[in-house]
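Novice: Attaching a single structure in structure tokens format; questions to follow.
Every number here is computed from the coordinates shown, using simple stated rules; none is lab data. Since the structure is predicted, the reported quantities are computational estimates derived from the model, not experimental observations. Cβ placement follows ideal geometry from the backbone for every residue including glycine, while neighbour counts extend to all protein chains displayed.
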Amino acid sequence: MSGMTFRSACVTVAGVIVAVGIDVVLVERFAKALERTPMLAGRLFTDEERVTPSGNPRSSESLAARFAAKEAVAKSLGAPGGLHWHDCEVVTDPDGRPWLTTSGSVAEVAAERGVGRWHLSLSHDGGIASAIVVAER
């Protein structure tokens, strides 16, 4: 960024990021909700989200982080009503990195807000799962 001042760099970046969303989930509480309500996993996650790339069931930590990602997406969009859980999917690339795909209701609201690209970070440790989402123009 030779020749750019800090102020001009910030102005440039500010025009690219539309919104940021973050969410945290208590893993034990989420796991108990999944146990108590057997159909919940199917309502929240697509078939592909519920299994690892090798076909094994995802851990409760992994599912909790994916749920946090969906909540973070909703928050980044202003939490409008009418979003469908399956319209925001956390998928894994060949290197194991999570990323987002959107369709239907989520893609429609994202387009209205000028979102063209998503960035995602997931984590889980110490009984807490978290996700940060950056919505970019």
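Novice: Below 13 angstrom from the Cβ of ALA135, what's the summed charge of the other residues (Lys, Arg +1; Asp, Glu -1)?
Specialist: Counting the neighbours of ALA135, the net charge comes to +2.
Novice: Another question, then. Average the reciprocal distances over every distinct pair of alpha-carbons in the stretch 17-136, invert the result, and give the Kirkwood radius in Å.
Specialist: The Cα-based Kirkwood calculation yields 14.3 Å.
Novice: Now for a different question. Only counting other Cβ atoms within 10 Å, I'd like VAL133, VAL91 sorted with the fewest neighbours first.
Specialist: Listing VAL133, VAL91 from fewest to most nearby Cβ atoms yields VAL91, VAL133.
Novice: Applying 1/(1 + (r/R0)^6) with R0 = 22 Å to the Cβ-Cβ distance of THR37 and ARG58, what FRET efficiency is obtained, to the nearest 0.05?
Specialist: After rounding, the FRET efficiency stands at 0.85.
Novice: So who's got an amide H within less than 5 Å of the one on VAL51, skipping anything under 5 residues away but keeping other chains? H placed 1.01 Å off N, in plane.
Specialist: ARG58
Novice: Could you tally the net charge around PRO53, taking each other residue with its Cβ under 15 Å from the Cβ of PRO53, Lys/Arg +1 and Asp/Glu -1?
Specialist: Overall, the nearby charge balance is -2.
Novice: Separate question: Which FRET efficiency value, to the nearest 0.05, do you get for ARG137 and LYS75 by plugging their Cβ-Cβ distance into 1/(1 + (r/R0)^6) with R0 = 22 Å?
Specialist: Using R0 = 22 Å, I get an efficiency of 0.75.
Novice: Give, as a single signed number, the net charge of other residues whose beta carbon lies under 14 Å from the beta carbon of LEU100, with Lys and Arg counted +1 and Asp and Glu -1.
Specialist: Here the count lands on -3.
Novice: A follow-up question, please. How long, wide and thick is the stretch 77-125, going by the Cα atoms along their three principal axes, in whole angstroms, largest first?
Specialist: Dimensions of the stretch 77-125 along the principal axes of its Cα atoms: 31, 23, 16 Å.
Novice: A further question follows. Hey, what do the phi angles of the stretch 42-48 turn into as Karplus ³J(HN,Hα) couplings, whole Hz, using 6.51/-1.76/1.60 and θ = phi - 60°, x for Gly and Pro?
Specialist: x, 6, 8, 10, 6, 4, 5
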